[in-house]
Amino acid sequence: MSFNWNRQFASEWKAPDPPSIWFFLLLYVFVEGVALAVVVPDLPKGSMPWDKFIHDAVAIPFFCWTTLSCLVWLLAYDIPATQAAAHNRSRWHQITTWQRQSRAGMAVLDSVILTPEADLAERMLKLEGEPPENPGKVMRLASIEGADAASREHAVIEKLLTPLAARLALAAKSDSFEIVIQCEQAESSLNLQAVWARIGLPGKPVVRWLDNSRDVGFADTWFEGKANYWPYHSLDIAPKYRVVVAWHLNDESADVKPDVSEAAVALLFGMPALMRAKPDQKCQAWLLRQTVADADEAGKALVLLLDSEQVPRTRIRHFWHSSLKGLARHATLGALRESGLSVEAHALDSAIGPQAPVARWVLQALAARMAHFGQGAQLIALPHERGIALNVATKERDPVAVPWKKEYGYNPILGPASACAHQYGRLSCCFRPAAGARQTPLSRGLLRLEW
């Protein structure tokens, strides 16, 4: 189920103010005045029957005042405040859950990036040297040597896994670990297992292959802890560790001249289950949930992504994109200009030539690396089968912080009927008129109520 970026929430209900204490004082004066107006004319001349007077002119009015006060409090404040609190609590939980889901992400524990230009991320951000300029040039991974395509593939896999060996060994021992490879041939999984054994990593890992045409949809699927993106995968729960190994090597023996540059990347992810179990687990960066839209709705998608406040707008300092063409490219760059973001744009195609599908992972790894280096949050745009996919890489996730107001926790104070009845019962027992005493209309009515 896709995430709803345009979720609408009910407005907050304002809790009423409680009635003023002056209202209750005036109400008492009014009730007591009515009682005296009824009782005093009926008093016998001569000696004062104090027990009857106290009962009719004090106890009964006090009970009536208490009952009316409870009723006013209940109708004017208690019920509306309780309803507002229940509504606002529900609204708070809905917003909190939505924000938590919008900020879902995968932790990049470590990564290895192989591109034709060394130190590509640092150079593109001008941290070290000048940005490379190779638009339209098909480039080769010069550091990957081999007599044939198979030997080069072994070499690139080894170069990707070796720097991660220590972390991979720990992950493999967790019994909640798998490797995803994305490349041209499914048989490459056998080559990866061979390299795994050769560099001395423990066990025989589960290796799952995705062809280059498959969009992994990691933001909608992997973040939810599901494993349903492979039809033949029988597990329902994703592992705690997942390694993505993706590469593209040109076949130099082919008759057709290659039209895309070579690149390779390995990303070790801490999946949601791991980060929940180990909240203090260190990571390089977070890849946050992506939004996908048609190319002509790139502006709307960007606005929704920014309005979700995955990260504050002011923290987004760089914009990475690759392989965007035609409408998707122009609509995205136009939306970026209109968004008001102050960012530097970096096109992977201009730096290392036309890109293969592996660029979707290379770009994520480059952005995560720069977020790790303290260069702020990174906005990423990639082509998608629907049009365009946008996501953010950030060094740390912002906690969900929807303001909680004390009114949201309001609970009814009164059980007015039972409380008033109990109070009147005690008073009427104390101040019941003596046998044979004359009863006023007010006292007779109250006795009927008591009965």
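Coordinate-derived values only; no laboratory data. Keep in mind that what you see is a predicted model, and the values were worked out from it rather than measured. Counting neighbours? That spans all protein chains shown, and the Cβs are built from the backbone with ideal geometry, glycine included.
Results, tabulated for the structure shown:
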{"item": "For segment 104-394, convex hull volume per residue from C-alpha positions, Å³", "result": "132 Å³"}
{"item": "Residue 209 long-range amide H proximity, modeled H, under 5 Å", "result": "181"}
{"item": "Relative contact order [Cα under 8 Å, 6+ residues apart], the chain, whole percent", "result": "23 percent"}
{"item": "R0 of 45 Å, Cβ-Cβ distance residue 257-residue 93: FRET efficiency to nearest 0.05", "result": "0.15"}
{"item": "Where Rh is the Kirkwood radius over Cα pairs, Rg/Rh for segment 261-378", "result": "0.97"}
{"item": "Per-peptide average of other Cβ atoms within 10 Å, ordering 185-196, 250-261 highest first", "result": "185-196, 250-261"}
{"item": "Cut-off under 5 Å, modelled amide H: who pairs with residue 263 long-range", "result": "248"}
{"item": "Per-residue [θ]222 nm for the chain (sum of -39500 (n - 2.57) over DSSP H runs n ≥ 4, rounded to 500)", "result": "-11500 deg cm²/dmol"}
{"item": "FRET efficiency estimate (nearest 0.05) - Cβ-Cβ, residue 47 to residue 2, R0 56 angstrom", "result": "0.05"}
{"item": "Per-peptide average of other Cβ atoms within 10 Å, ordering 92-98, 393-399, 365-371, 51-57 highest first", "result": "365-371, 51-57, 393-399, 92-98"}
{"item": "Cleavage-rule hits, GluC sites (Glu not before Pro), segment 298-372, DSSP coil, Cβ neighbours within 10 Å at most 15", "result": "309"}
{"item": "J(HN,Hα) series, segment 86-103, from Karplus relation 6.51 cos²θ - 1.76 cosθ + 1.60, nearest Hz, glycine and proline x", "result": "5, 4, 5, 5, 4, 4, 4, 5, 5, 5, 4, 4, 5, 5, 4, 5, 5, 9"}
{"item": "The chain - share of DSSP beta bridges that are antiparallel (%, nearest 5)", "result": "60 percent"}
{"item": "Computed FRET value (nearest 0.05) for residue 396 with residue 71, which takes r as the C-beta separation and R₀ as 56 Å", "result": "0.55"}
{"item": "Interchain or long-range residues, amide H under 5 Å from residue 345's placed H", "result": "319"}
{"item": "Cβ-defined net charge surrounding residue 113, 12 Å radius [Lys, Arg +1; Asp, Glu -1]", "result": "-2"}
